[in-house]
Each structure stands twice: as C-alpha cells, then as structure tokens.
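A.B. asks: Quick one: the structure is below, and I'll ask about it shortly.
The values are calculated or read from the model by the stated rules, or taken from the named source; none is laboratory data. The structure presented is a predicted model; accordingly, all values stated were derived computationally and were not measured. Cβ: placed from backbone, ideal geometry, glycine included. Neighbour counts: every protein chain shown. Surface areas here come from the heavy atoms of the whole protein model, side chains and all, with no ligands, DNA or RNA. Shrake-Rupley method; radii C 1.70, N 1.55, O 1.52, S 1.80 Å.
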Amino acid sequence: MTATRFAKATTLVALAVGWLVAAWLLTRTTVPGELQAPHVEARTVFPAAVLHRTARYDGLLRWLWVASTLVTLAALVLFVHLGPRIARAWELGRVATGVMVGAVTTLGVWAVGLPFGAVELWWGRRYGQEQLGYGEWVLGQWPALVGQVVGLTIALTILMLLAGRFGRRWWLVAAPFFVVVGAVLLLVLPYVQTIGTRPPHHTATAARIRELARKEGVGGTPVRIENVSGETSAANAMATGIGPSARVFVWSTFLDGRYSGRELEVVTAHEFGHIAHHHLWKGLAWSLLLTLPGFWLVERATRRRGGLERPEVVPMALLALALIGLVITPVGNEVSRRYEGEADWSALRATRDPAAAESVFRKFTRYDLVQPNPPLWSYIWIDDHPTVVQRIAMARAYARRR
C-alpha cells in the first residue's frame with residue numbers, strides 16, 4: 001500500500017469512527033437504563049371494538065403511505081428518463097435550465113401524489129378525524145405546492161452553483177451550508193408560526209404549566225394555542241425553535257373538554273422536555289451527520305451521467321435523495337422514538353402524575369384512533385413515536401419506582 005493510499009484509508013477510518021462516536025453520543029438519553037417497563041397487552045387496556053376501529057383506520061393510512069411512496073419513486077424514475085428531453089426544451093443556461101427541470105419534476109410528483117391525499121382526507125372524514133371540506137382541501141394544496149417549488153428552486157440553484165464551482169467535492173460544502181440554513185429557519189420560523197395563535201388564558205392550569213417549565217429548566221418558554229377547529233378533531237402539540245425562538249404550540253383540540261387540566265399539563269411538560277434536553281439542536285447535528293454521506297451518495301449516483309452540474313441530471317439527484325431518505329428512515333424513526341421517550345420521562349418526573357400520563361395515551365387511541373400496537377414494519381418505517389402501549393408501560397414503570 002502506497003503512502004497516499006494509506007493516508008486515505010486512515011482518514012476514512014478516522015471519519016467513520018468519529019461519525020459512530022457522534023451518533024452514539026446523540027442517541028444517549030436520561031431515561032434510566034435499568035428501567036424495568038412492564039409488558040402491556042393492548043387487549044387488556046382497550047376494548048376489542050376500539051382495537052378493531054384503530055386497526056382499520058390506521059391500517060388504510062399505512063398502506064396509503066406504501067402506495068404513495070412506490071408511485072412517487074416510479075414517477076421519479078420516469079422523469080430520470082425524461083430529464084434530457086425536458087432540459088432541451090429550455091435554453092436558459094445551465095443553472096436556470098436545471099431549476100426548470102426540477103420544477104417540472106416536482107409538479108409531476110405532486111400530481112401523482114394528489115389522489116392519495118384525497119383518499120386520506122376521505123378516510124379521515126369518514127372516521128371524524130378530518131373536518132376540512134374537499135374544496136377547502138384542494139385550495140389548501142396550492143400554497144404548499146408553491147412553497148415546495150420555491151424552496152426547490154432555491155436549493156437547486158445553490159447546489160448547481162456549488163457543483164459547477166467545486167466539481168466532485170460540492171457535497172463537502174453543500175452539507176454544512178444546508179444545515180446552517182436549517183438552523184436559521186429553525187430560529188426564524190417559530191416567530192412566523194406564532195402569528196394567529198394566542199397565549200393560554202390565565203387559569204390555574206396555565207399557572208401550573210408555567211411552573212412545570214421552570215421545573216424542567218426552561219422557564220419563560222412561551223406556550224401558544226393554535227386554533228385548528230374546522231380542520232381536525234385530532235389533538236397535537238409540538239416544541240419548535242432554538243434559543244430565543246423556542247416555544248410550544250398546543251392545538252385547541254386539547255381544550256375542547258375531552259382532556260383534563262392534569263392531562264394538558266403532561267402534554268406541555270412533554271414538549272418542555274424536548275426543549276430542556278436540546279432535541280432540536282440534536283436534530284440539527286443529526287442533519288449534518290446524515291446529509292454529508294447522503295450528498296456524497298447523490299454525487300456518486302449522478303456522476304455517471306455527468307454530475308449534478310448538468311441540468312438533465314436533476315431528476316436523478318431527486319430520485320437518489322428519495323431513495324436515501326427511504327433507506328435512512330428507520331434510523332431517523334428510532335432516534336425520534338428515543339427522544340420522544342426521553343420527553344415522556346421528563347414529563348413524568350416533572351408532573352409526578354403517571355395516572356394522567358397513562359390517561360392521555362389512552363385517549364390518543366380513543367379519540368385520535370392511534371393504533372396502540374402497530375405492525376412491526378410500520379413501527380420501523382413509519383412511526384416516529386413509541387407505541388401507545390410502550391408509553392403506558394413507561395408511565396407504569398415510573399409509578400412503581402415512586
């Protein structure tokens with residue numbers, strides 16, 4: 001082995017080891033390793049009729065995801081073959097032509113996916129989960145499509161400029177650049193999302209929620225109520241933002257009388273846990289860890305056709321990104337489940353109310369029709385939260401430790 005080859009091999013090994021160490025550190029959580037969670041059978045917690053209903057509702061949605069994914073990949077394969085023809089239809093220069101090829105590809109993929117969204121809406125309306133009318137739904141697709149095309153235009157412009165400037169090494173610059181862009185968006189977008197929301201009313205529950213934030217070390221974190229009436233009956237909440245923009249959004253469906261104040265405290269404490277344990281910062285770190293090798297694979301996939309700097313290769317790059325995303329989805333889901341589990345544990349420690357936590361998880365199945373113990377393939381490829389029975393088991397394990 002020559003000195004050059006030895007140096008390259010040593011560098012690759014060092015990078016691989018560094019990647020694995022970083023990934024290991026990012027997967028560590030504060031959930032006790034010795035926690036003995038009891039085995040929970042869904043049939044002992046929920047009536048058979050509820051289990052049947054959730055299996056039917058969630059079951060169709062899962063297979064819709066499979067069908068939509070396969071059709072999307074097939075459409076991308078078609079556009080890979082059509083790429084040269086589409087590129088020849090435009091004479092706008094290398095970058096502008098690549099952007100147009102990407103826009104046409106995006107429109108085609110959006111079009112083939114539209115029927116699946118319509119079926120999902122129909123299914124949700126049938127089970128009382130969705131409240132949007134079909135006309136409202138169609139009109140609501142356009143802003144998302146415009147945003148997708150605009151975002152892709154900006155991203156492709158940057159990637160093709162970097163590919164033209166740095167050649168085969170464009171991915172080394174693109175990956176950290178896009179992670180920085182993601183961090184900026186994560187900092188700024190929560191301020192935009194706050195528009196149209198309101199703070200909680202001054203109630204005893206709101207005061208206890210503020211106390212929970214202080215207890216978890218994130219006192220002063222804003223909580224905003226997002227009005228989703230007329231759109232869905234499902235209940236949800238999320239933590240978003242970094243630094244000064246960190247905040248918690250709670251859907252108004254949590255306040256429609258189905259959930260008690262204690263249960264709402266558990267939900268908000270869970271979201272505070274995400275902020276307290278820096279899960280959004282860790283998500284940015286994971287973005288860098290996964291984007292670097294992902295972009296390298298895109299470079300390898302497109303190089304045989306001339307590289308990303310060629311406009312007709314854009315559909316191949318989009319197909320490669322879709323396939324890479326599909327392959328790493330189980331990894332992302334597992335990491336997400338670990339963070340969600342840590343947020344559950346943080347909420348249990350803050351509220352000291354495992355009964356309210358278990359009640360919330362039960363209601364997710366009863367009201368939102370979340371299947372309490374989904375099929376294994378779905379757990380791996382689709383579900384980014386612990387199952388309902390796993391979350392109930394953690395609540396019971398905490399109760400036993402007290």
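A.B. asks: For segment 368-397 and segment 37-67, write down the distance between their C-alpha centroids in whole Å.
C.D. replies: 9
A.B. asks: Given +1 on the Cβ of Lys and Arg, -1 on the Cβ of Asp and Glu, and no further charges, what dipole in debye does the chain carry about its Cα centre, rounded to the nearest 20?
C.D. replies: That gives the chain a dipole magnitude of about 800 debye.
A.B. asks: When the Kirkwood radius is taken over all Cα pairs of segment 80-227, what Stokes-Einstein diffusion coefficient follows at 37 °C and 0.692 mPa s, in µm²/s?
C.D. replies: It diffuses with D of about 166 µm²/s by this estimate.
A.B. asks: Highest first, please rank the peptides 273-279, 219-225, 242-248, 201-207 by the mean number of other Cβ atoms sitting within 10 Å of their residues.
C.D. replies: Highest mean packing first, the order is 273-279, 242-248, 219-225, 201-207.
A.B. asks: In degrees between 0 and 90, to the nearest 10, how far off the longest principal axis of the chain does helix 94-126 point, with axes built from Cα atoms?
C.D. replies: Approximately 30 degrees, to the nearest ten.
A.B. asks: Roughly how tilted is helix 314-351, in degrees to the nearest 10 and between 0 and 90, from the longest Cα axis of the chain?
C.D. replies: 20
A.B. asks: Out of all DSSP beta bridges in the chain, what portion is antiparallel? Express it as a percent rounded to 5.
C.D. replies: Counting DSSP beta bridges with both partners in the chain, the antiparallel share is about 60 percent.
A.B. asks: Label the chain by shape, choosing from rounded, prolate and oblate, from the square roots a ≥ b ≥ c of the eigenvalues of the Cα gyration tensor; if a/c is under 1.5 it is rounded, and otherwise prolate applies when a/b is larger than b/c, oblate when it is not.
C.D. replies: prolate
A.B. asks: Next up: Around Thr232, which amide H atoms from residues at least 5 apart in sequence, or from another chain, sit under 5 Å from its own amide H, with H modelled in the peptide plane?
C.D. replies: Amide H neighbours of Thr232: Gln131.
A.B. asks: Next question. Top to bottom by accessible area (1.4 Å), largest first, where do His385, His270 land?
C.D. replies: Sorted descending by solvent-accessible area, the residues read His385, His270.
A.B. asks: How far, in degrees from 0 to 90, does helix 388-401 lean away from the longest principal axis of the Cα atoms of the chain, to the nearest 10?
C.D. replies: So the helix axis and the longest Cα principal axis differ by about 50 degrees.
A.B. asks: Give me the percent of DSSP beta bridges within segment 191-295 that run antiparallel, rounded to the nearest 5.
C.D. replies: The antiparallel proportion sits near 55 percent.
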